[in-house]
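Have a look at the structure below, then the notes.
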Amino acid sequence: MCFAHAGAGVSAFHRWPELVGPGVDVVPWLLPGRDRRRREPRVVGRDGLLRELRGVADVVRDEPYALYGHSLGGLVAFTLARAAAEVGLTPPLLLGVGALPPPDGVAALVGGAGLDDAALVGLLARFGAVPEGVRAGDVWHRSVLPVLRDDLRLAAALRGAAAGPVGVPLLAVAGREDPLGRPEAVAGWGRWTSDRFVRRTVPGGHFFVRDAALPRMVGRAVRVVARCAR
């Protein structure tokens, strides 16, 4: 089960099914308020998120599963892994997070949810999170910026609600050129699992989720933990 970064749908995972390798099914989870679910209210807190994620149990059923979340999606995946029993799930075989400092680390964008549009766009632009050529009042400002703002609210809520480590293996991945999730910051996820911890660094900036190295790595990791669980 995969969860995307702030402001996004699930298009970042469109190549994953062909890249993860054998024995792993890729199921991106689209949060409400975007793409085909754009008319649904967005979730901005832990309780609302867990109500939304009760549907994951219907997809997973009794099959073994793993979670991967990128940036904001990493907080979503972590929250679900820690609260699996609350939504009717057994714990995942593996929790993977990418491009994300841990809940007790410094997160440069999370405080931006309360800024006005111009200030928020300026903050995002400093970290390369604004597409080239956008202009005030254009489609990006009308359709993406409000989602991004609410996703930052959700990120702040999930960081504040993180009450302790998960009891499952945790893979934390950083992009070598990512200004928002630097490798040394991502290494702090080791404090957030009581099980095995592995960290890796891949080429790329914040959106290395779209490159081939990450899904191949996640696929290998899932196969390893699945074999160990037999």
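Some notes on this structure:
- Degrees, to the nearest 10: 213-229 long Cα axis against longest axis of the chain: 30
- Estimated inter-spin distance, residue 14 and residue 61, nm [label 7 Å along Cα→Cβ]: 2.9
- Crossing angle, helix 117-126 versus the chain [Cα axis fit, 0-90 degrees, rounded to tens]: 60
- Environment charge at residue 175 (Cβ cut-off 13 Å; Lys +1, Arg +1, Asp -1, Glu -1): +1
- Accessible area per residue for the stretch 127-226 is 47 Å², calculated with a 1.4 Å probe on protein heavy atoms, without ligands, DNA or RNA.
- Counting all C-alpha pairs of the chain, share separated by more than 24 Å (%): 40
- Measuring between their Cα centroids, the stretch 48-124 and the stretch 175-230 lie 15 Å from each other.
- Accessible surface comparison of 135, 149, 210, 36, probe 1.4 Å, protein chains only, largest first: the order is 36, 135, 210, 149.
- Solvent-accessible area assigned to carbon and sulfur over the stretch 114-230 amounts to 53 percent, based on a 1.4 Å probe.
- Values of log10 I(q)/I(0) for the stretch 99-145 across q = 0.17, 0.18, 0.32 Å⁻¹ run -0.54, -0.60, -1.29, by the Debye formula with one identical scatterer at each alpha carbon and no solvent.
- Among 83, 136, 213, residue whose mean-square fluctuation peaks in a GNM of the chain (springs only between Cα atoms under 10 Å): 136
- Solvent-accessible surface (1.4 angstrom probe) belonging to residue 54, in square angstrom, nearest 10: 130
- Within-10-Å neighbourhood charge of residue 9 [Cβ basis; K, R +1; D, E -1]: +3
- Spin-label model, residue 194 to residue 139: label points 7 Å out along the Cα-to-beta-carbon direction sit 4.9 nm apart.
- Degrees between helix 72-82 axis and first principal axis of the chain (Cα, 0 to 90, nearest 10): 40
- Accessible area, probe 1.4 Å, largest first, for residues 206, 14: 14, 206
- Potential lengthening between residue 227 and residue 47 on full extension [0.36 nm per residue; Cα-Cα distance subtracted]: 61.4 nm
- Kirkwood Rh, angstrom, the stretch 1-126 [1 / mean 1/r, Cα pairs]: 15.7
- Using Cβ point charges alone (K and R +1, D and E -1), the dipole size of the stretch 84-183 about the Cα centre works out to roughly 100 debye.
- Förster radius 41 Å - calculated FRET efficiency between residue 86 and residue 108, Cβ distance, rounded to 0.05: 0.85
- When the P(r) is computed for the stretch 75-180, the part past 22 Å accounts for 42% of the Cα-Cα pairs.
The values are calculated or read from the model by the stated rules, or taken from the named source; none is laboratory data. Just so it is clear, the model here is predicted, and its values are computed rather than measured. Because the Cβ atoms are built from the backbone with ideal geometry, glycine has one as well, and the counts that use them run over all protein chains shown. Protein only, heavy atoms only, side chains kept; ligands, DNA and RNA dropped before computing areas. Shrake-Rupley method; radii C 1.70, N 1.55, O 1.52, S 1.80 Å.
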